[in-house]
Amino acid sequence: MNLRKPSYDYQNIEKKWAKKWQDSHLYEVDIQNAKKPFYNLWMFPYPSGAKMHVGHAFASTGSDIIGRYKRMQGYDVFQPMGFDAFGIHGENYAIKVNEHPWHLMEKLSDEFRDTQFKRIGHGIDWSKELRTYWPSYYKWTQWIFIKLYENGLAEQKKAKVNWCPSCKTVLADEQVIGGECERCGTQVEKRELEQWFFKITKFADKLLKNLNHIDWSKRIVEAQRNWIGKKEGIEITYDVVRNSKPGVSDESENSPQGEEKIGKVVCFTTRPDTNFGATFVVLAPEHDLVKKILSGEIKVYDEDSKNSELIEQIKKYVTEAINKSDVERLAEGKKKTGAFTGLYAVNQLTGYRMPLWISDFVLGDYGTGAVVGVPAHDTRDFEFAKEFGLEIIRVVKSADDSDGGSADDDGEITDISQVQEDEGVMINSGFLNGMNIQDAIEKMKDYLEEKGWGKRVVTFRLRDWSISRQRYWGAPIPVVYCDKCGTVPVPEEDLPVELPFVDEWKPSGDGKGPLANIPEFVNTTCPKCGAPAKRETDTFDNFLDSAWYFFRYPFVNREDVPFATPSLEKSDDSEPNSEAFKKWLPVTLYLGGPEHAVLHLMYTRFITMAFEEIGLIDFDEPFERFVAHGHITMGGKKMSKSLGNIVIPDDYMNEIGADALRMYLMFLGPLESAGDFNDDGISGITKFLDRVWNLMHDSAKSQSDKSSEKVLKKLHKTIKGVSEDIENFKYNTAISKLMELVNVWNEKSESLTLVDSVKFLKLLAPFAPFITEEIYQEIVVEAGNYDVVEKDCLSRRNVKQKDASEKVLQSNELVSSSSLNSAKLSSSLDSPNSLNSSDTSDSSKSLTSNDVLDDGNNNVTDTTENVSTEFISIHVQCWPEYDKSLIAENFMSIPVQINGKVKRVLKNIPVDIEEEDLKSLALKEVQDLIVGKDVVKVIYVKDRLISVVVR
RNA sequence: GGGCGAGUGGCGGAACUGGCAGACGCGCGAGACUUAAAAUCUCGUUCCCUUUACGGGAGUGUGGGUUCGAGUCCCACCUCGCCCACCA
């Protein structure tokens, strides 16, 4: 790495202020008494690798900048941080490096926090840190499960679920990407297991409806809408018969000879309009009717020998199909497989006896698990019909006859390219003939309902959320199974059900979690009747840990409640209570990656709705605003371990400093689309920081008696522009505006007063917190200029500073009491090999330690012992305001177009010129260009341009 | 196959509701300072034509359209990225 470094001593400056901010508790928020709360949340990271990478640095800096800006605007900005270190991602990494997840996660989280996050200059309130694997946290995760269970939102059922053979656990639908495990990329299999589910489908409609009004990045809203997948269709019930034959029976009312009605089959379709063209019905291999055929409950043929032969074939097909993984099914491409049942379904519209098939392209858990095949107007049906020689009947033709009704149009369909799916006019469809598809759909639905053959229904793609995991590293599901009492949730006073610290923690793959092998854990007594009972041995999906963490942050020090709301409030009013809850939640702004669109973000919405339904809270959406950031790429590709193109920010912080790294990352592109990491451009940033340093240390430039007009105007335009850009997360253009200002300021004759120079410094502060603090302390605080520089906002700040020094004492107490608490929590639990209590208290202690910031190179004088000393940081001063009169221009230049092309530019035009005067000026200007032509009209776009139209 | 987004100099990227395309930065070129290099500073830098000032022409993925005027709006297409996907 050979980068242009800043020429000032950024290393020591950054070290010094990181420590000072920490010691003075600058970013700690008084949750209880805050006046203008702004809950600025960034998705907490999960340490699934040794170091946080540059993507984390990029996104968290994006969150920090708006937080710093809001803080300077006088908001009480709460910017908490924690680690999502419980669960499969961390455990997989622990397996890889062969360390116990408890030690590993503690170590990695500490490192993320102390060597990376604290160094990069974020305004984080570390006194509210949480980690999802701390018993003091997961106690409440378990509590939430019990609340949902008590309110009928959690249930246990046997279900065919996604099984990852590599991670050796079940996965939720959302965690299977293209048939592969979200974590490790292994092909997912299907297994039938007894699992716990959260009934997210109960809120399907609400989850969808709220999407219309929540202020979230559009792409996330669309992704969720698709994932929920609401479809309005109809369920059509067909009679199932045996001893029949395919095709239209002559006597559709009376059965053909020997035909015998033996049951019904219900098919879901969104396209009943094409039902005159339905020629077969396909069942999913899991369908009830298939089970009945296999069990012999339904006989296909009278003769036993023929029957059992058929059953053998069906059994063979079904067994293969069920055991196939999704990827294997897809790998076979569009080639359809299937088995004929020997039965027929009767199409009431036509009397057509539709052969009843079984095929794995029909999904058992969507719709009714049965589809009616219209091969002429559905590509999948067409492929199936072609494969098995089923009849294809056209019932839709192209709507426009302009191509002269070519043979292609209403003739026989022989090729997949002729299959019309979306638009056209009905033919061969009795009373629907001549109608367009949309009208025909409605008409047919009415007709089928009238006849009693069908029923309008709404289906959703969304499935219930499977939360059981057969893994060690997660919160145990707090349930006990008793022979007498059945399923009994663990009572609140017995929580947490602690995860025992064991040596044998790796997954075994037998469908049970490692906890099942620990008798001391499994064997317990029933909380209800006291009889011997067994514990549930699965653990929670880690997405449950993160589904509610933002509720916990403000209340992380409360032991008695997960968070305080009127319904949960107990006695203690000295710590954040339900009044505080109202101030801080829902979260003001949430920033995170779009890859969580249908995972984490859907779950947080579900949990919030569940809390509301239970009566814990009175709102139903977790975040007032959600902004999805883009991803930093490397050579146009996503950064990933497999590509080996991961960039670690530490090297850059060493080389160019945190300020320069922050600014460089933000300069790459807009936050919401990000950019490609290529360190070629870094010198532009370090050069800029040097210029700032030099300007601010050149008193002729930055402490002039009077600000020169040109740069003063530029300053005020910049104040306006930077403020707007930050509000819109366009940090890249905000930085370019700061650069423009510096370029003007650098001109020979340009200078600013101290007050104006500091205004610029403040604009830079959210982007480069260290250098701006250093300069501010030097030329404002230490030089005794504070009262002069901040005279416009002294009144506000005086109050603020006072609050802060009171708060300092309070939060010191909170920190020490929380370390005691978590130590107490884990040691008081007497499960076998209980998590070592010293581990926990050590980690809590490191919460306030400065080891890393105080490394060997210590020429920082420690004047910060006495925390009550007032510390006047630039980061809590007023954000500058611009002066409208200084932004207004007296003169403008107006381009003159002839027939839309710019030909001349009128310069130094007074802004208050009369339109007519300006027009004649313009015509005079272009006189030579329009001789001999008629001026048709002259258009004046106010303050923009003049357009002359000639002929 | 479906959804979303994006295609602008050598590069990253600017351009509010249609109104001087290429801000800012990198890179590159020239110059100043220096014994020299680095650093720094100044000037230039979309392409083409004109020896040049002046000037002219073309130009925002492709082809059409609307408009006095289109990177921006409409239609068709191409390419790339991300997400979802045998979802009836």
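Just a few scattered comments:
- Pairs exceeding a 22 Å alpha-carbon distance, out of A:LYS158/A:LYS534; A:LYS157/A:LYS484; A:LYS16/A:LYS583; A:LYS158/A:LYS230; A:LYS641/A:LYS730: A:LYS16/A:LYS583; A:LYS158/A:LYS230; A:LYS641/A:LYS730.
- Taking the helices alone, chain A has a mean residue ellipticity at 222 nm of -10500 deg cm²/dmol, built from -39,500 (n - 2.57) per DSSP H run of at least 4 residues and averaged over all its residues.
- Sparsely packed loop sites in segment A:467-515 (the GluC sites (Glu not before Pro) outside DSSP H, G, I, E and B with at most 15 other Cβ atoms within 10 Å) comprise A:GLU504.
- Total charge dipole magnitude, segment A:588-639, about the Cα centre, Cβ charges on Lys, Arg, Asp, Glu only, Debye to nearest 20: 540 debye
- Paramagnetic label zone (point 7 Å from Cα along Cα-to-C-beta, A:LYS335; backbone N under 13 Å) in segment A:379-393: A:387
- Straight-line reach from A:LYS924: taking Cα to Cα under 19 Å and skipping same-chain neighbours fewer than 8 places apart, the aspartates and glutamates in range are A:GLU914, A:GLU915, A:GLU916, A:ASP934, A:ASP943.
- Computed over chain A, relative contact order equals 15 percent, with contacts defined as Cα pairs under 8 Å that lie 6+ residues apart.
- Between the Cα long axis of helix A:794-827 and the first principal axis of chain A there is an angle of about 50°, rounded to the nearest 10.
- Rolling a 1.4 Å probe over the protein heavy atoms of chain A, with every protein chain left in place, gives an accessible area that is 47 percent carbon and sulfur.
- Cα-based shape type of chain A, given that a ≥ b ≥ c are square roots of the gyration tensor eigenvalues and the cut on a/c is 1.5: oblate
- Degrees between helix A:709-727 axis and first principal axis of chain A (Cα, 0 to 90, nearest 10): 30 degrees
- In percent, rounded to a whole number, the relative contact order of segment A:618-751 is 25, using alpha-carbon pairs under 8 Å and six or more apart.
- Gyration tensor verdict on segment A:496-572 (Cα atoms; rounded if a/c is under 1.5, prolate if a/b is larger than b/c, oblate otherwise): oblate
- Segment A:520-557: trypsin sites (Lys or Arg not before Pro) in DSSP coil with no more than 15 other Cβ atoms inside 10 Å: A:LYS528
- Per residue accessible area in Å² of chain A, where ligands, DNA and RNA are left out and the probe is 1.4 Å: 42 Å²
- Over 22 Å between alpha carbons, listed pairs A:LYS907/A:LYS942; A:LYS36/A:LYS737; A:LYS315/A:LYS336; A:LYS748/A:LYS884; A:LYS70/A:LYS118: A:LYS36/A:LYS737; A:LYS748/A:LYS884
- Alpha-carbon centroid distance for the pair segment A:113-151 / segment A:471-542, whole angstrom: 22 Å
- Segment A:46-201 - Rg (one decimal) and Dmax (whole number), Cα, Å: 18.8, 56
- Prolate/oblate/rounded call for segment A:680-798, Cα gyration tensor, a/c under 1.5 rounded: rounded
- Calculated SAXS-style log₁₀ I(q)/I(0) at q = 0.20 Å⁻¹ - segment A:476-631, Debye, Cα scatterers: -1.21
- 0 to 90° range, to nearest 10: angle between helix A:304-323 axis and chain A longest Cα axis: 10 degrees
- Using only side-chain charges placed at the Cβ, +1 for Lys and Arg and -1 for Asp and Glu, the dipole size of chain A relative to its Cα centre rounds to 1380 debye.
- Most positive-pole-ward Cα, A:VAL300, A:TYR137, A:TYR8, against dipole of chain A from beta carbon charges: A:TYR8
The values are calculated or read from the model by the stated rules, or taken from the named source; none is laboratory data. Computed from a predicted model, the values in this text were never measured in an experiment. Cβ coordinates were reconstructed from backbone atoms using ideal geometry, including for glycine residues, and neighbour counts include every protein chain displayed. Only protein heavy atoms, including side chains, enter the accessible area calculation; ligands, DNA and RNA are left aside. Shrake-Rupley method; radii C 1.70, N 1.55, O 1.52, S 1.80 Å.
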